[in-house]
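These notes are about the structure you will find just below.
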Amino acid sequence: MPSALILIADGTEEMEFTITYDTLVRAGVSCTSAYVPAADAASQNTTSLPCATGSRGINILPDQRFSPQAAAPANYDLLVIPGGAKGAETIVTNSPVQHLVRAYMQENKYVGMICAGSLAAKTAGLPKQPLTSHPSVKSQLESDFEYSEEPVVVSGRLVTSRGPGTAFPFALTLVELLCGKEKRAQVAGPMIFPPETFA
């Protein structure tokens with residue numbers, strides 16, 4: 001069974017997190033969410049697992065705290081970094097996360113980034129390649145990467161997407177890469193997308 005680690009922080013975009021998590025689960029992917037605390041929260045109580053307060057104020061209880069050792073590419077087939085300005089800032093500036101992004105790529109595992117989460121490609125020092133992001137962070141990426149306006153961009157093992165509205169095609173692309181086209185169709189069918197919707 002394929003497995004995925006989905007990062008979450010305070011300020012993470014709820015739709016990008018939940019749609020990706022839910023869609024992967026529907027495909028039979030074993031998913032784990034890991035809470036990445038803000039740098040200034042490192043000294044706070046670590047005995048209990050906190051809820052992550054999303055960008056719209058919705059509380060989400062992660063599966064576990066982020067641990068670089070537990071998050072290693074030996075344990076998962078996919079690492080997902082959602083957006084949401086504040087949440088993305090916490091995640092992409094986290095040094096262990098930056099190391100993990102490079103490690104997943106080196107181990108030929110998949111890395112998915114959506115919205116402002118695509119900034120992790122820059123902070124992790126990935127080589128120039130095609131990607132996309134939310135328009136609000138385009139200026140921070142277009143000189144270092146081959147920037148695209150496509151809803152989802154696949155560059156080898158790196159998958160990037162634009163925002164909440166592209167979360168479904170992003171998640172379904174990850175399903176296809178992990179489980180095949182047939183599984184993607186099986187998952188997308190019962191979701192009943194309108195005919196004009198890319199799925």
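Quick notes on this one:
- Residues of the range 161-191 that are among the polar types (S, T, N, Q) and in a helix (DSSP H, G or I): 166, 173, 186.
- Considering the range 12-59, and only residues there that are surrounded by fewer than 22 Cβ atoms within 10 Å (Cβ to Cβ) and in contact with a Ser or Thr (Cβ under 6 Å, 6 or more places away or on another chain), the residue that is modelled with the lowest pLDDT turns out to be 38.
- Test: residue in the range 130-150 that is surrounded by fewer than 20 Cβ atoms within 10 Å (Cβ to Cβ), part of a strand (DSSP E or B), on the phi < 0 side of the Ramachandran plot and touching a residue at least 24 places away in the same chain (Cβ under 8 Å): yes
- Candidate set from the range 11-27 (those that are more than 12 Å from the chain's Cα centre (by Cα) and in a helix (DSSP H, G or I)); member that is farthest from residue 112 (Cα to Cα): 26
- In the range 172-186, the residues that are over 17 Å from residue 108 (Cα atoms) reach residues that are surrounded by fewer than 21 Cβ atoms within 10 Å (Cβ to Cβ) and charged (D, E, K, R) with C-beta atoms within less than 8 angstrom, at least six apart or across chains, in these pairs: 183/176; 184/176.
- Residue within the range 93-105 that is aromatic (Phe, Trp, Tyr), in a helix (DSSP H, G or I) and in contact with a Phe, Trp or Tyr (Cβ under 8 Å, 6 or more places away or on another chain) present: yes
- Residue, surrounded by the most Cβ atoms within 10 Å (Cβ to Cβ), within the range 151-171, restricted to residues that are under 15 Å from residue 104 (Cα atoms) and among the small types (Gly, Ala, Ser): 155
The values are calculated or read from the model by the stated rules, or taken from the named source; none is laboratory data. Since this is a predicted model, take the numbers as computed values, not measurements. Cβ atoms come from the backbone with ideal geometry, glycine included; neighbour counts cover every protein chain shown.
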